[in-house]
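Only one structure is covered here, and it is reproduced in the block below.
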Amino acid sequence: MASEDILVFTTIGDRDMAEEHITVMLEQGIITSATIFPEVELLYIWEGKITVDTENKILIKAKAEHYTAIEEYIMKHHPYIAPEIIRLDVSFGSPAYKAFVLEKIKRNAG
């Protein structure tokens, strides 16, 4: 059985844009919270050469039922042609943390 809770990883180069997108998704109620890991380094091969870039890694916490809306939002608003979108089904760890997240969702929904 799949988890009701998910983590979604994505990246974006501009920190202000990352905050804007997170704010909109919070206001839409499709995510619970998000963490920005600023200025992480990405190494990859481009045109036969190892390339190093910096970007902001974003870790989104949400309910699984909102995944489609999250993916659609990212695809529509992201500046990259093919943005990273990685979904992980999770149980969010400790019972106390899970209860905190559920209470936060209830408060924000009402």
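The values are calculated or read from the model by the stated rules, or taken from the named source; none is laboratory data. Values in this document were obtained by computation on a predicted structure and should not be read as measured data. Backbone-built Cβ (ideal geometry, glycine too); neighbour counts: all protein chains shown. Keep in mind that these areas ignore ligands, DNA and RNA; they rest on the heavy atoms of the full protein, side chains included. Shrake-Rupley method; radii C 1.70, N 1.55, O 1.52, S 1.80 Å.
So what is the calculated 222 nm ellipticity per residue for the chain, using -39500 (n - 2.57) for each DSSP H run with n of 4 or more, over all residues, to the nearest 500 deg cm²/dmol? Could the numbers behind the result be given before it?
On the way: 3 runs with 40 residues, N = 110.
When only DSSP H runs of four or more count, the value is -11500 deg cm²/dmol.
Over all distinct Cα pairs, what is the inverse of the mean 1/r for the chain, reported as the Kirkwood hydrodynamic radius in Å?
On the way: mean 1/r = 0.0666 Å⁻¹.
Kirkwood radius, the chain: 15.0 Å.
Of the accessible area of segment 7-110, with the probe set at 1.4 angstrom, what percent is carbon plus sulfur? Solvent-exposed carbon and sulfur of segment 7-110 make up 58 percent of the total. In the Gaussian network model of the chain, springs joining C-alpha atoms below 10 Å, which of Leu26, Leu42, Leu88 carries the largest mean-square fluctuation? Of Leu26, Leu42, Leu88, the most mobile in the Gaussian network model is Leu42.
Computed 3J(HN,Hα) for segment 17-26, one whole-Hz value per residue from the Karplus formula 6.51 cos²θ - 1.76 cosθ + 1.60 where θ = phi - 60°, is 5, 4, 5, 4, 5, 4, 4, 5, 5, 5, glycine and proline marked x. Once you order the gyration tensor axes a ≥ b ≥ c over the Cα atoms, which shape class does segment 1-49 get: rounded for a/c under 1.5, otherwise prolate or oblate by comparing a/b with b/c? The shape class here is oblate.
The 3J(HN,Hα) values that the Karplus relation (6.51, -1.76, 1.60; θ = phi - 60°) gives for segment 46-61 are, in residue order, 10, 6, x, 10, 6, 10, 10, 10, 10, 7, 9, 7, 10, 10, 9, 9 Hz. Gly and Pro appear as x. Around the Cα centre of the chain, unit charges on the Cβ atoms of Lys, Arg, Asp and Glu (plus for the first two, minus for the last two) sum to a dipole of about 460 debye. Running a GNM on the chain with Cα contacts under 10 Å, which residue among Lys49, Lys63, Lys76 ends up with the highest mean-square fluctuation? Maximum among the listed residues: Lys49. Taking segment 1-25 and a reference point 7 angstrom along Cα→Cβ of Thr54, the backbone N atoms nearer than 13 Å belong to 13-16.
Computed on the chain, with alpha-carbon pairs under 8 angstrom and 6+ residues apart, the relative contact order is 39 percent. Considering only Pro38, Pro95, Pro79, the mean-square fluctuation computed in a Gaussian network model of the chain, springs between alpha carbons under 10 angstrom, is largest for Pro95.
With a probe of 1.4 Å, find how much accessible area the chain has per residue, and write the answer as a whole number in Å².
Working: 7200 Å² over 110 residues.
Roughly 65 Å² per residue, with all protein chains present.
Taking 18 Å as the cut-off, the amide N atoms of segment 3-34 that come nearer than this to a point 7 Å along the Cα-to-beta-carbon line of Ile81 belong to 11-13.
Annotation for segment 21-71: GluC sites (Glu not before Pro) lying in DSSP loop with at most 12 further Cβ atoms inside 10 Å of their Cβ are Glu47.
Evaluated over the chain, the count of Lys pairs having alpha-carbon atoms less than 26 Å apart is 13 (only pairs 8 or more residues apart or interchain).
Suppose accessible area is computed on protein heavy atoms with a 1.4 Å probe; arrange Val8, Val40, Val52 from highest to lowest. If you can, show how the numbers build up before the last one.
Numbers: Val8 0, Val40 45, Val52 80 Å².
Order by accessible area, largest first: Val52, Val40, Val8.
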